[in-house]
Each structure stands twice: as C-alpha cells, then as structure tokens.
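Notes follow once the structure below has been shown.
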Amino acid sequence: MQKQHTAICNSLIDKLRKNTFLSYDEYLFLIKNKDCCAEYLYHNASQVRKSVYSNKIYIRGLIEFTNYCKNNCFYCGIRRDNKNADRYRLSEEEILSCADYGYDLGFRTFVLQGGEDSYYTDEILCRIVSSLKEKHPDCAVTLSLGERSFESYKALKEAGADRYLLRHETADEQHYGMLHPSQMSFKNRIACLNNLKQLGYQVGAGFMVGSPFQTQENLASELMFLKKFNPHMVGIGPFIAHRDTPFHDYPCATAQLTLFMLGLVRLTLPKVLLPATTALGTVDPLGREKGIKAGANVLMPNLSPAAVRKKYMLYDNKICTGDEAAQCIECLKKRITATGCEIEIGRGDYKGERNG
Ligand code: SAH
C-alpha cells in the first residue's frame, strides 16, 4: 500500500513540476500522503528554485516598528487585548537609522512591519517611505502594515513603496472566521490584496500552517488559491501558540508540514519569492536551512533595535530576539553556506514577467 502510494505521489510531483498546477484532489492526496514523498518533493522544489534563482538567497531587513495593534486576532501575541504586551513605537529617526545600519550590513530591501497602529498616519508613513527611498535609492521598500484603504495604499505607493506583504492567513472564509473576531472579514482581506495588486505593488500573500481548526482540505485550498491569485511572494510559517492569546493551548505546527507546503508552493509558483521564516526557525533549530532545501529562497532577519526585539512577540520562544543584527547576519551566512547557497546583495526582485 505504502509503496503504491509513493509511486502515485511521485508521479503527481512530476506532473506538478511539469504543469505547475494540480487539481484540488491531487493536492489533497499529496498532503495526506506527505510522509511517503517529502524527500522527492524537496529534491524537485530545490531544483526548480535553482533553475530560477540559482544558488542565491535574498535577504530582507525586517524593521518591526510598532507592536500597537487595533486588531484582536486570536492567534497573535500583539493583539489589542493582550495586556501583558509591553508596547513600543519606533520614531522616524529610529526607523531610518535601522535602515542605515542595515544598508552597511548589505541589505537592499527593508521591510517595515507592524501592528495596525493608527498613530502612523498616511502622512507619517509616506514621509518615512520617501526618506528611505531618498537616502537609499538602490533599495526596495516593503510594507507590512495590515489592512488599509485603497487611498492609503495608493499614497504609500506614490511615496515610493515597492512591495506589500499581507498574508491572507487562510483561504477559507469560514476558517478565517474561526481565527479572527467578527469585526475582521475575509472579504476585506482579499479586497486589500486585490487593491495592492491593482496599484502595482509586488504583492505577498500567505498563510499559517497548522493554525487551529485547519484541515488538510484547507491546505489543498491554499494551493488552489495561490495558483489563482498568483502573488509575487508567499509568506508561510507554522502556527506557534502565544501564552497570552485565546489559542494558548493549541498545539504548534510541525516543521515537516510547513516544509511540505513550502515545497508544494515552489512547484506551483516556480518564480515566487518564498521566505524560510523565523517561525520555521523557531519550531526547528535547523528550520530555515531545511526551508531552503525545500524550495525557499528568501530570509528576513531582524533589523529592529535590540531593545525592542523581545517586545514584538507574535508567538512564544521567537528566535533571534537577543542578538544584534550584525551577529544574526553572520550566523545566517554560515547557515546558508552550509546549504550550498549564498547571500545575494541587491534588491532581489521577483524574476517573473511582472517585475516592477
Ligand atoms: N499587522 C500586519 C503584520 C502581521 S504580523 C498584518 O496584518 O499583516 C505578520 C504575520 O505573523 C501574520 O500575518 C501572521 O501570519 C503571523 N503570526 C501572527 N501570530 C502568529 C502565531 N501565533 N504563530 C505563527 N505566526 C503568527
């Protein structure tokens, strides 16, 4: 039985590599039988990554500039109702000096990420984006600020932002409702993603693997959704419980399932920018290296000042919250070299046809 399944799975993986899509039932079959074909998937996903991006791994400097948030997502450690979160905001000067420091370390993409914090008005954010672009015209600016209006996304784009990361979190509307309070809606999340695309951003969607109530069917739907939406980037990482959230008792996702999904995403969207996330490095000490071997081609080390790092705790036991950025880079360089890859200095743009 097992042998037969391996043969079917391997031929589905060959088919996926050749056609870059499968039917929902075929994806589901692979997910259900992942243990008998994972190595074969990683081997193929790795080859596809190499054929598009050679052995280059792109790095993004992540600046977590605020942990204030008006939302109350059931999984997230910086949710509004977490009274134990020690809140902080970085000033414009602090954000710019993080980027200067990152520039000297070789970063050419800065990702500004934060909770949904109305303190940062369009005016303030546009000023930050345009100052960043003025100081470092050879750099890309990525924003990850959650849901905003079309006008706000437009103003930020005009100020110079290049890319936007907004994980849809789950492609199933009903499941979305189980992860978020009723004030938040799946429809709005998707409308935001469509608006971002329309405005010409390079767009990153994505989901959590193993979030509470997620089924294998949901995971198959993720791949159908991603194929259709065709984002430039896909951020996926394992769900990890945070002690001060309603989901504190739910089990964390495994690295294995996350790696398997990374491999499937690489074969479904061969040119996609695919990070091996910090969350993956948290559930498995070698998670990021394994992520690269499963098809990932991006790493997003933290550039936030050491003093605030422990405060941007989306989930428990997050790694790399104690080190200086320079130390993190040295450590990552070694880890990447060990996988046979190397860090690319440069903006690291999408290699597909819609490069902006
Ligand atoms: N406010 C922004 C940034 C969110 S934080 C936004 O809404 O897009 C970035 C990502 O961290 C989220 O999209 C979510 O997928 C992930 N995340 C949050 N809590 C998590 C948890 N407990 N485990 C794993 N990932 C989590």
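Where a number appears in this text, it was derived from the coordinates with a stated rule and is not lab data. What you see is a predicted model, and the numbers here were worked out from it, not measured in a lab. As a convention, Cβ positions derive from the backbone with ideal geometry for all residues, glycine included, and neighbour counts pool all protein chains shown.
So the values come out like this:
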read-out: Diffusion constant of segment 253-325 at 20 °C, which comes from Stokes-Einstein with the Kirkwood Cα-pair radius and 1.002 mPa s, µm²/s; value: 166 µm²/s
read-out: 10 Å binning of all Cα-Cα separations within segment 79-134, expressed as whole percents from 0 upward; value: 18, 49, 26, 7
read-out: Convex hull volume of the chain per residue (C-alpha atoms, cubic angstrom); value: 123 Å³
read-out: Segment 1-130: projected area of the alpha-carbon convex hull, averaged over directions, in nm²; value: 12.6 nm²
read-out: Those residues of segment 118-146 whose amide nitrogen sits under 19 Å from the label point placed on Arg80, 7 Å along Cα→Cβ; value: 118-122, 145-146
read-out: Amide H contacts under 5 Å for Ile57, placed H, 5+ residues apart; value: Glu342, Ile343, Glu344
read-out: Anchor Lys311: aspartates and glutamates whose Cα lies under 18 Å away (excluding residues fewer than 8 positions away in-chain); value: Glu64, Asp81, Asp86, Glu94, Glu116, Asp117, Asp244, Asp323, Glu324
read-out: For segment 125-179 versus segment 18-82, the gap between their alpha-carbon centres in whole angstrom; value: 19 Å
read-out: Stokes-Einstein diffusion coefficient of segment 181-223, Kirkwood radius over Cα pairs, 37 °C, 0.692 mPa s, in µm²/s; value: 268 µm²/s
read-out: Computed FRET value (nearest 0.05) for Gln47 with Asn72, which takes r as the C-beta separation and R₀ as 45 Å; value: 0.60
read-out: Total charge dipole magnitude, the chain, about the Cα centre, Cβ charges on Lys, Arg, Asp, Glu only, Debye to nearest 20; value: 800 debye
read-out: Rounded to whole Å, sorted largest first: equivalent-ellipsoid semi-axes of segment 201-356, Cα gyration tensor; value: 23, 22, 14
read-out: Estimated translational D of segment 47-89 in µm²/s (Stokes, Kirkwood radius over Cα pairs; 37 °C; 0.692 mPa s); value: 244 µm²/s
read-out: Relative contact order [Cα under 8 Å, 6+ residues apart], the chain, whole percent; value: 25 percent
read-out: Phi-based couplings in Hz for segment 119-129 (Karplus 6.51, -1.76, 1.60; Gly and Pro marked x); value: 4, 8, 6, 4, 4, 5, 5, 4, 5, 5, 4
read-out: Rounded to the nearest 20 debye, dipole of segment 190-338 from Cβ charges on Lys, Arg, Asp, Glu; value: 440 debye
read-out: Along each principal axis, Cα extent of segment 92-225, largest first, Å; value: 46, 31, 25
read-out: Residue pairs, from the table Lys187/Lys351; Lys3/Lys318; Lys34/Lys154, whose Cα atoms sit over 31 Å apart; value: Lys3/Lys318; Lys34/Lys154
read-out: Segment 164-262: Rg to Rh, with Rh as the Kirkwood radius over Cα pairs; value: 0.96
read-out: Of the chymotrypsin sites (Phe, Trp or Tyr not before Pro) in segment 196-240, those whose Cβ has at most 14 other Cβ within 10 Å and which sit in DSSP loop; value: Phe213
read-out: Charge dipole (the chain, unit charges on Cβ, about Cα centre) - positive-most of His136, Ser11, Ile57; value: Ser11
read-out: Per-selection Rg to Rh, segment 214-259 - Cα, Kirkwood hydrodynamic radius; value: 1.04
read-out: Approximate shape of segment 59-168 as ellipsoid semi-axes (Cα gyration tensor, √5λ), whole Å, largest first; value: 23, 16, 12
read-out: Glu92-Ser149 FRET efficiency (beta carbon distance; Förster radius 25 Å; 0.05 resolution); value: 0.70
read-out: Cβ-Cβ FRET estimate between Met224 and Lys351, R0 fixed at 35 Å, reported to 0.05; value: 0.90
